[in-house]
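First the structure, in the form of structure tokens, and then the observations on it.
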Amino acid sequence: MAHQRKPLDRLGPGHLTLAAHGKIDVEKDSRILDWAIRLGDWTAASLICVAICRWYGEHGRLEDMKATIEQLLPHAIGMERIVLRGRLLTIAINHGDYRTGLAENQQLETDLQDLPRDDDYYRNLQATITQQIDCLLELGRLDEAEQRWHNAHDLVPRLAEHRAEVEARLLGQLAHLRREQDAMDAAIDAASQAVRLAVAEHCPAVLIAELRHTRADLLRQVGRDREAVEEL
């Protein structure tokens with residue numbers, strides 16, 4: 001099969017160039033992926049799988065790639081391994097399987113330790129810990145969620161960009177944590193801080209809307225319906 005590797009070497013980079021610009025031909029690209037797997041070219045297969053998974057994720061069909069991701073994961077290295085494990089994590093959480101999601105996320109954090117301590121490392125580590133908090137909240141493990149929140153917050157100064165957006169998201173997450181701890185005043189305060197920061201720093205509109213909804217929901221829970229309506 002060695003004679004088949006040269007065309008694959010040409011097709012792989014060509015595919016990735018197109019994929020980087022959002023030009024995905026799922027049927028054709030899946031055949032290339034199958035070809036790479038049959039040849040045992042795990043580097044090319046991992047790169048192509050990452051690109052295809054992006055398309056499946058955008059179209060709400062990421063679960064269709066689960067078996068392929070699981071097949072590739074033991075052979076993937078570097079950032080491709082991180083991304084593919086992250087996809088498995090997303091699939092688990094989408095199905096409400098927070099125990100599996102947490103386990104995958106903890107392994108993801110371990111895998112990150114092998115990467116250089118650059119901007120990508122700190123961005124991915126912060127995002128990974130943040131996702132762990134969501135899983136821990138769903139599992140009712142509030143003390144662990146609290147500790148992980150502080151770990152994620154401590155990483156914010158190390159981020160090269162989007163610090164305000166990350167900070168606002170973390171404050172929104174803190175609001176959920178305080179609610180689960182039955183500390184409603186603290187929850188509303190955290191949500192209010194999150195909204196103010198997101199608005200002041202011109203964060204994405206979808207994030208601002210999400211944070212406003214969180215604050216409104218908290219206000220309704222304590223009977224402050226008028227303020228809740230005004231928030232929305």
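Table for the structure above
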item: Per residue accessible area in Å² of the range 43-187, where ligands, DNA and RNA are left out and the probe is 1.4 Å; result: 49
item: Correct option for semi-axes √(5λ) of the Cα gyration tensor in Å [calculated from the coordinates] among [x] 39, 18, 16; [y] 34, 19, 14; [z] 32, 29, 19; result: [x]
item: For residue 222, solvent-accessible area (1.4 Å; no DNA, RNA or ligand), Å²; result: 60
item: Among 209, 176, 86 - extreme Cα towards positive end, dipole of the chain, charges at beta-carbon; result: 86
item: Share of carbon and sulfur in the accessible heavy-atom surface of the chain [1.4 Å probe, %]; result: 49
item: Coil-residue GluC sites (Glu not before Pro) of the range 138-232, DSSP, other Cβ within 10 Å capped at 16; result: 161, 201
item: Computed label-point distance, nm, for sites residue 70 and residue 229 using a 7 Å Cα→Cβ extension; result: 5.1
item: Residue-averaged [θ]222 nm for the chain, counting only DSSP H segments that reach four residues, each worth -39500 (n - 2.57); result: -25000 deg cm²/dmol
item: Two-site FRET efficiency, residue 143 against residue 186, from Cβ-Cβ distance with R₀ of 22 Å, rounded to 0.05; result: 0.90
item: Dipole in debye (nearest 20) - the chain, about Cα centre, beta carbon charges: Lys, Arg +1; Asp, Glu -1; result: 700
item: Calculated FRET efficiency for the pair residue 221/residue 94, C-beta based, R₀ 25 Å, to 0.05; result: 0.45
item: With Cα atoms, 0 to 90° folded angle of helix 119-138 axis to the chain main axis; result: 60
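The values are calculated or read from the model by the stated rules, or taken from the named source; none is laboratory data. On a predicted model such as this, the values are computed, not experimentally measured, just so you know. Note that we place each Cβ from the backbone using ideal geometry, even for glycine, and neighbour counts take in every protein chain shown. Side chains are part of the model used for accessible areas, which takes the heavy atoms of the whole protein and leaves out ligands, DNA and RNA. Shrake-Rupley method; radii C 1.70, N 1.55, O 1.52, S 1.80 Å.
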